[in-house]
Amino acid sequence: MSTDHHAGLEEVKVLPSAITLIEGRSLFYRGIPIEELAAKSNFEEVVYLLWYGRLPGVRELDKLKKELRENNQVPWEVAEMIHHFPRQAHPMAALRTLVSALALHDHEADILTHEANDNKAARLLAKIPVLVTGFERHRKAKSIIEPRHNLSFSANFLYMLWGEEPDELSVKTLDTALVLYAEHELNASTFNARIVTATLADMYSAVTSALATLKGNLHGGANQKAMEMLLDIGDPDAVKEYIDAKLAQKERIMGFGHRVYKEGDPRVPILKEMSEKLCRQQGYDRQFETAVAVEEYMLQKKNLRANVDFYGGLVFYALGFPTDMFTAVFAVARCAGWIAHIFEQYENNRLIRPRAEYTGPRNAVYTPIEAR
Ligand SMILES: CC(C)(COP(=O)(O)OP(=O)(O)OC[C@H]1O[C@@H](n2cnc3c(N)ncnc32)[C@H](O)[C@@H]1OP(=O)(O)O)[C@@H](O)C(=O)NCCC(=O)NCCS
């Protein structure tokens, strides 16, 4: 069989983009190193940076924050839908359905002007944490909590989940995790968002399809699976036996390996440090130490390094998110990056339509059904 194709589009540069640079073990949003943003910035500021290409001035940032606060009311018809969802549904399936439903209630959904797209971006991002926490409260048979107008994006997220104002360390940790998860070039979900956008479909369609893509275990679903594995292992002493058994079964170890970073993911050291701090504070020392033991063993045994989802999952765990909600938390952050790419795609659009290398039969004969 000829192999005149690029399996998985590995290393193929399919479009120009000025949003994210990945160079070796370094990651930059709009040219700014991720380490700087994690240490000094905040999620709302990074959203502005990603969407509009530069850091905001004070008034610009205030305006965006105001828009995110003022647009966080979910239409009652969509909120009502949550009450009819099965409690055992996966949070990502619920979120995907709810975002799709939001489009039905946005009068500008199919208007693709600059202004309408700006409006929709704020409306959509503002509502996503409300939907995620709303479904979480529903499945725990708790009442859904309305967002507050005097809290930051991250503080509101935790407030709507817990029903009480979160402490400073939790807010800062979640905010930094959202910054780190906000954008990552042409990962599968972002690429999918751009494919949908390139057909001149609307932003809700693009984000719905990105959510569907993020759900898979080889992409966003990995943070949930990695944490479930850590809980399954339970103790640093059990790591070798557990990993050996999985590898012997040819199973993948979730939270390890990366299509782009072969020498290490720059988000990992930051998330590792954050997860250690929070795990120690919450009494999850054993979970943190198990994670470190898995990381060391995977490097030694397979020369594979941890990716964003390994310690990212542990951060979400220590913050008190249920494991099957982790990917939805990732989605809240990545919505910022998806929208940046949707904007960029509309600006310089070309239909994305690659070719397949045909491997089927040629000149096959049609046989009538009665003769088959
Ligand atoms: C992310 C991922 C899909 C990237 O993989 P990729 O660039 O396509 O690499 P490949 O799937 O070609 O894997 C290359 C080799 O490494 C192995 N490998 C890669 N990731 C592995 C993992 N997590 N566990 C075990 N082996 C792994 C593969 O089995 C393969 O080995 P082989 O050549 O002996 O068959 C892959 O590393 C993976 O499945 N990771 C687990 C899921 C995950 O954490 N996803 C989140 C990514 S941020």
Point to revise | Segments 166-176, 5-15, 55-65 sorted - mean Cβ within 10 Å per residue, highest first | key: 166-176, 55-65, 5-15
Check your understanding: Between residue 63 and residue 351, how many nm apart are label points set 7 Å from Cα along the C-beta direction?
Key -> 3.6 nm
Check your understanding: Counting only Cα, what are the radius of gyration and maximum Cα-Cα distance Dmax of the chain, in Å?
Key -> 21.5, 76
Check your understanding: Which of the residue pairs 215/250; 63/172; 225/262; 13/301 have a Cα-Cα distance greater than 30 Å in the structure shown?
Key -> 13/301
Review point. Hey, how many Å between the Cα centroid of the range 69-118 and the Cα centroid of the range 183-240?
Key: 19 Å
Exercise for review: Taking the Cα centre of the chain as origin, sum charge times position over the Cβ atoms of Lys and Arg (+1) and Asp and Glu (-1), and report the length of that vector in debye to the nearest 20.
Suggested key: 620 debye
Practice item. Return one whole number: the accessible area per residue of the range 222-318 in Å², for a 1.4 Å probe. Key: 48 Å²
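Could you grab the Rg to Rh ratio for the range 125-251? Cα atoms only, Kirkwood for Rh.
On the Cα set of the range 125-251, Rg over Rh gives 1.05.
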Study note, to complete from the structure: Under the rule rounded for a/c under 1.5, else prolate if a/b exceeds b/c, else oblate, using alpha carbon gyration tensor axes a ≥ b ≥ c, the range 130-192 is classed as oblate
Check your understanding: Of the listed peptides 299-308, 343-352, what is their order by residue-averaged count of other C-beta atoms within 10 Å, with the highest listed first?
Key -> 299-308, 343-352
**Study point:** Inter-label distance for residue 289 and residue 217, nm, one decimal - labels placed 7 Å from Cα along Cα-to-Cβ
**Key:** 2.9 nm
Practice item. Provide the packing ranking of 233-245, 133-145, i.e. peptides ordered by the mean count of other C-beta atoms within 10 Å per residue, highest first. Key: 133-145, 233-245
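Out of every Cα pair in the range 213-310, what percent are spaced more than 19 Å from each other?
Taking all Cα-Cα pairs of the range 213-310, the fraction more than 19 Å apart is 38 percent.
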Exercise for review: Show which aspartates and glutamates lie in cross-link reach of residue 40 when reach means a straight Cα distance below 15 angstrom and same-chain residues fewer than eight apart are skipped.
Suggested key: 175
Check your understanding: How far, in nm, would the chain grow between residue 70 and residue 107 when pulled straight, counting 0.36 nm per residue and subtracting the alpha carbon separation?
Key -> 11.6 nm
Point to revise | Within straight-line cross-link reach of residue 302, aspartates and glutamates at Cα separation under 20 Å, skipping those fewer than 8 residues along the same chain | key: 237, 241, 244, 251, 263, 265, 289
Check your understanding: Can you give me the relative contact order of the chain as a percent, contacts being Cα pairs under 8 Å and 6 or more apart?
Key -> 22 percent
Point to revise | Share of carbon and sulfur in the accessible heavy-atom surface of the range 180-247 [1.4 Å probe, %] | key: 52 percent
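The values are calculated or read from the model by the stated rules, or taken from the named source; none is laboratory data. Keep in mind it's a predicted model, so treat the numbers as computed, not measured. Cβ coordinates were reconstructed from backbone atoms using ideal geometry, including for glycine residues, and neighbour counts include every protein chain displayed. The accessibility values were calculated without ligands, DNA or RNA, using every heavy atom of the protein model including side chains. Shrake-Rupley method; radii C 1.70, N 1.55, O 1.52, S 1.80 Å.
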